1. Name the residues in the stretch A:302-314 that are in a helix (DSSP H, G or I) and surrounded by fewer than 16 Cβ atoms within 10 Å (Cβ to Cβ), would you?
2. Among the strands (runs of 3 or more DSSP E) contained in the stretch A:340-444, which hold 2 or more residues that are surrounded by 14 or more Cβ atoms within 10 Å (Cβ to Cβ), among the aliphatic types (A, V, I, L, M) and in contact (Cβ under 8 Å) with a residue 40 or more places away in the chain?
3. Condition test on residue A:100, is it within 48 Å of the chain's Cα centre (by Cα) and free of Cβ contacts under 8 Å to residues at least 40 places away in the same chain?
4. Those residues that are more than 22 Å from residue A:422 (Cα to Cα) and of a type in the set (D, E, K, R), I need them from the stretch A:365-404; list them, please.
5. Could you tell me which of the residues B:204, B:174 is under 18 Å from residue B:88 (Cβ atoms), β-branched (Val, Ile, Thr) and touching a helix residue (DSSP H, G or I) at 6+ places or on another chain (Cβ under 6 Å)?
6. Would you say residue B:176 is assigned to a helix (DSSP H, G or I) and either modelled with pLDDT of 95 or more or surrounded by 14 or more Cβ atoms within 10 Å (Cβ to Cβ) (or both)?
7. Can we say residue A:147 is aliphatic (A, V, I, L, M), loosely packed, with under 12 Cβ neighbours inside 10 Å and in a helix (DSSP H, G or I)?
8. Any residue in the stretch A:94-108 that is of a type in the set (Phe, Trp, Tyr) and in contact with a Lys or Arg (Cβ under 9 Å, 6 or more places away or on another chain)?
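The values are calculated or read from the model by the stated rules, or taken from the named source; none is laboratory data. Here the structure is a predicted model, which is why all the values come from computation and not from measurement. Neighbour counts run over all protein chains shown; Cβ positions are idealised from the backbone, glycine included.
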Amino acid sequence: MPNHEAHQTQRLLIVDDERSIRVTFHDILTSQGYAVDVAADVESALALLEAHTFDAILLDIVLPRVNGIMLLERIKAYDPGVPVVMITGDPHLATATEALRLGAYDYLQKPINRRTLLHVVRRAVATRHLLAEKQALERQLAQRLEASELAFDQVVEHSADLIFALQRTGAFMVSATSLQHHLGYAREHWQDVQALLRACHPDDVEVMQQAIQRAFEGQPVYDIELRVRRLDGTWQWESLVLYPVLSGHSIGGIMRDITARKRMEQEIRHADRLALLGQLASGLAHEIGTPLNIIAGNAELIRMDVKEQGLPTAELDAIIEHVDRITRLIDKFLTLARAQELPRLPLALHEPVLDALRLLETRFSREAITVEVDMPADLPLVLGAADQLQQVFLNIFVNAWHAMPHGGAVTITAQACPERQVQWCCSDTGVGMDAAHLARACEQ
Amino acid sequence: MQILSLRNYRLPTNWGGYARDIVQETQRIADIVRELLTFARQETNEHSLANIADILDASLRLITTQLEKNGITLERSYSLELPPIRCRMQRIQQVVLNLLSNAHHALNARYPQYDSNKIIQIRAGLHSRDGRSYIRLSIRDHGIGIPPEYQARIFEPFFTTRRDQGGTGLGLSVSYGIIRDHAGTITVASVVGNYTQFDVDFPVAEDVDAQS
């Protein structure tokens, strides 16, 4: 065996009442570089044990007054790791076996030769060192583990998600910081699962209970969405994950705040609903048009009869007036709906203007109204929907016509303006508007 | 109703008939408006038991005229006998209307005018999967179909092939979310130039399921 302990002095203790053994062993072992203490009785042995730490102890089983076995027990109490080699003259092995049972490392039976002695001592010392090394490593490991657990705790504590554990007993384990941060509650009020269930939205409690039960049955539960009340009373949407750990004795849980996502989803759902409503409403507005026509027509027919009989028509007037109001409202709505449907394209203003004029041509000439159009041919194009613009021009021309019951002139001009605009003007020689009407002319 | 005060007068001509028509047409308008409001109204958070047939009827009342105006024939096959589902009705209606609106556009794109094949089939029935009962709603159109490379993307938010026609790309992604919230599934099968079919499965309400 390599003498690997030589570089560092190993300290041995020999306890034997026989002087010759003490001297012989001392000399043999000292010559090998060991530091050797000797004791003839239990008292001096205990005093030495008090003073030093030994790498191995040679102990006679038979000592005056106190049995070596008893001393073995005392030694083990002092230093559980030290290897103790029992020396026995007893050819019966019973005592030696007993000694091994009590924690002796080995035993030597007299007579003991040098070779055997050195061999056993070397082995005992080596064992002692391996043991010490092992313990040191274990200590290191424990320290590292502690450090990594600390680091892990930090991760849990500062996570935006709430990470927790639930035990079968109902005990709820969570980092106080994390709980405070995530839901606002104090740790002492969240000791068991009941706290979690109490905070749960009444509609979601059952879902939560089922999820917990399933996880305890060994099945992980993913992405359950439920509402939990924060300490400040607001509801927080959570995505919950539960998974069994420690063979089902506990479950681990992660709760993630998804309130913002849920709000976004709701807004998107709402936007979609509005888009659908828009589509539906324009279809339904057409559908409402027919019954409105029937109502107005029938009311008109009845009113004619009622009038002929000289009876009051107030109620029928009201029906006709209100139906008319609804019809106009729906027309407006449909124009708006169409405006959103129609693409705006570059176009020359001449087109819709002339189209609108063409519709009124015969009327104008019959009522002695002349039209002068002065729109330059190189007028820039504008963005718009031709059909809608035609409607606009038509309305303006009809107004002009109504303003000139005895004939007159309509003048239309247009010019390019700075800031990429085109100015279009229409004037008539009609009755005009007073200030009050002018102020309200463009109201809805 | 005010018009009924006419009873106080002698009615020489056909006033009664005119008045009846007025009442009847007013009722028609009221029905349409009520249906629209039910769908538009701020939704509640409550789930309730609802029959898929009722939801389909309500949805169709809103959209049938539009479909008919575009020469589309509706083939319905579902009964009121189906077990109920636990849901937020308006949201399921939103899904149905989205699917019908898509079918509508797919058919218009393929047949701008009337065609005998311009049909939307709407079916609902019981369907069993993994020992659970579902109501399966199928909406099938024989429109332009969805190319395979788009089929994986149609449930993505803002994915649309009709951006220029005002498509928002929200309909199917929102529908997907709604169906998921109801523990249901939606799948699509489509062949370009042939057909598109959406199958939506909603779990049958459990307490009722146990009785049947």
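1. Listed by number, the residues that qualify are A:304, A:307, A:308, A:314.
2. Passing ranges, in order: A:369-374, A:408-417.
3. The answer is no for residue A:100.
4. Once the filter is applied, which keeps residues that are more than 22 Å from residue A:422 (Cα to Cα) and of a type in the set (D, E, K, R), the stretch A:365-404 yields A:366, A:367.
5. Answer to the check: B:174.
6. Judged against the criteria, residue B:176 is a match.
7. For residue A:147, the condition - aliphatic (A, V, I, L, M), loosely packed, with under 12 Cβ neighbours inside 10 Å and in a helix (DSSP H, G or I) - is met.
8. yes
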